[in-house]
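Encoded as structure tokens, the structure appears first; notes follow it.
The values are calculated or read from the model by the stated rules, or taken from the named source; none is laboratory data. All figures in this text were calculated on a predicted structure; none of them were measured in a lab. All Cβ positions, even for glycine, are placed from backbone atoms using ideal geometry, and neighbour counts span all protein chains on display.
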């Protein structure tokens with residue numbers, strides 16, 4: 001199994017752009033490329049998946065066990081010619097002192113050679129101790145090569161190469177010049193999602209051309225081919241005790257467009273794996289809600305498209321009425337914002353669906369950012385454990401600049417926040433009729449198989465008889 005992990009010294013070193021270019025370069029050679037992204041990111045996987053022409057899957061120590069990570073990589077890589085894992089932050093950065101959830105830990109777990117991206121702005125001889133320090137810090141890590149980024153000139157490149165060759169045994173795999181054509185527009189949550197950028201494919205092709213000219217692609221393929229095999233652990237036993245019997249066909253709507261695009265691909269696959277038909281809905285263009293049994297509204301940037309969302313009154317009315325009639329709905333972050341009364345951003349206010357009796361304001365600083373730990377209150381629609389067992393807790397992720405205001409005192413919450421912020425610092429998962437909405441982004445993993453519970457709830461409600 002050929003595989004590489006692309007990491008860096010620190011975040012914002014250009015590793016995402018370089019990984020996009022590598023995925024596109026390998027795919028252009030006719031290779032089947034399987035991309036992975038470490039962490040709970042949604043945006044980078046959209047770009048990586050489009051570049052590789054294969055869905056990108058997340059690997060997350062906080063929400064997944066080591067066995068589960070190994071199983072995911074092995075399962076999705078089995079038909080690939082090469083697998084590319086993009087790290088997050090720096091190689092040794094992590095949430096604990098031991099680095100148990102770092103990129104380095106992932107490389108060790110999977111036996112993956114590391115390609116280190118170095119932002120060389122303002123550096124020459126100083127690159128050597130950085131490389132040597134990263135090698136020495138953990139000798140289980142195999143740093144197979146470095147890619148120099150933001151190189152100013154041929155003279156700058158020659159100095160860097162001479163220093164690295166003289167002081168280290170790490171080969172320089174590529175040297176990428178400063179180039180505005182490599183820049184992907186950013187906004188408050190990171191890169192602009194590729195589902196919003198109509199020129200995304202053109203941008204990927206431009207990046208691919210530059211990277212393929214300035215990186216030794218054949219050398220990278222050789223390194224990946226020589227990567228040692230990792231032992232694939234047996235996947236952990238499915239901890240959910242809910243079984244799904246779909247005697248009748250179930251359709252679940254997925255709002256996916258330029259405003260809502262944050263979905264884990266494995267979650268959508270999990271829905272299809274149990275026989276659910278996914279019906280994709282465009283909240284910007286579709287006038288009416290199709291015939292569905294339930295609705296899933298993921299995260300995204302509704303503030304960027306709030307005027308168009310607000311103007312689509314017929315769809316908003318359909319969603320509002322369906323919720324009032326009892327249609328099962330699950331909404332995350334941007335979906336929660338969409339179901340509020342009003343959304344305010346940059347001194348503009350637009351009406352949203354109006355299901356929840358509160359308003360949303362988008363601030364200039366993060367209101368909730370990072371991993372979130374939630375405990376069920378017992379008031380949720382599809383709890384993690386049976387009523388006979390104690391209330392369960394689980395891990396998820398949140399990243400939102402918006403906050404809820406004008407919150408009434410009588411809301412019903414599914415979760416208590418143990419770590420993170422959620423809706424108000426203490427609660428998350430507001431419940432109304434058969435609708436659940438939270439700032440937390442759930443992922444269908446062994447510790448929280450929310451997909452089966454949600455579908456089971458949709459089946460029990462049987463909304464077709466209510467409409």
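Scan region 369-380 and tell me whether some residue there is crowded, with 24+ Cβ neighbours inside 10 Å, touching a residue at least 40 places away in the same chain (Cβ under 8 Å) and assigned by TED's automatic domain parsing to the domain that holds residue 284. Yes, region 369-380 has at least one match. For region 79-92, the count of residues that are part of a helix (DSSP H, G or I), surrounded by fewer than 23 Cβ atoms within 10 Å (Cβ to Cβ) and in contact (Cβ under 8 Å) with a residue 12 or more places away in the chain is zero. Of all residues in region 191-202, none are surrounded by fewer than 18 Cβ atoms within 10 Å (Cβ to Cβ), touching a strand residue (DSSP E or B) at 6+ places or on another chain (Cβ under 7 Å), on the phi < 0 side of the Ramachandran plot and modelled with pLDDT of 80 or more.
Within region 51-69, track down each residue that is over 16 Å from residue 83 (Cβ atoms) and surrounded by fewer than 22 Cβ atoms within 10 Å (Cβ to Cβ). Steps first, please.
Going through region 51-69, the residues over 16 Å from residue 83 (Cβ atoms) turn out to be 60-68.
Listed by number, the residues that qualify are 61, 62, 64, 65, 66, 67, 68.
So which residues in region 14-55 are touching a residue at least 40 places away in the same chain (Cβ under 8 Å), in a loop (DSSP other than H, G, I, E, B) and closer than 20 Å to residue 212 by Cβ, if there are any at all? Residues satisfying the conditions are 14, 29, 31, 32.
Remark: residue 403 falls outside the filter, which requires a residue to be part of a loop (DSSP other than H, G, I, E, B) and under 19 Å from residue 423 (Cα atoms). No other residue among 258, 283, 270 is part of a helix (DSSP H, G or I) and either more than 26 Å from residue 400 (Cα to Cα) or in the same structural domain as residue 351 (by TED's automatic domain parsing) (or both) apart from 270. Of 421, 415, 439, all but one fail to be closer than 21 Å to residue 339 by Cα, surrounded by fewer than 22 Cβ atoms within 10 Å (Cβ to Cβ) and modelled with pLDDT of 95 or more; the exception is 421.
Would you confirm whether or not region 140-163 contains a residue that is assigned to a helix (DSSP H, G or I) and either crowded, with 21+ Cβ neighbours inside 10 Å or not assigned by TED's automatic domain parsing to the domain that holds residue 9 (or both)? Talk me through it step by step, then tell me what you get.
Step one: list which residues in region 140-163 are assigned to a helix (DSSP H, G or I), which gives 154-163.
Still in the list and also either crowded, with 21+ Cβ neighbours inside 10 Å or not assigned by TED's automatic domain parsing to the domain that holds residue 9 (or both): 160.
Yes, that holds for at least one residue.
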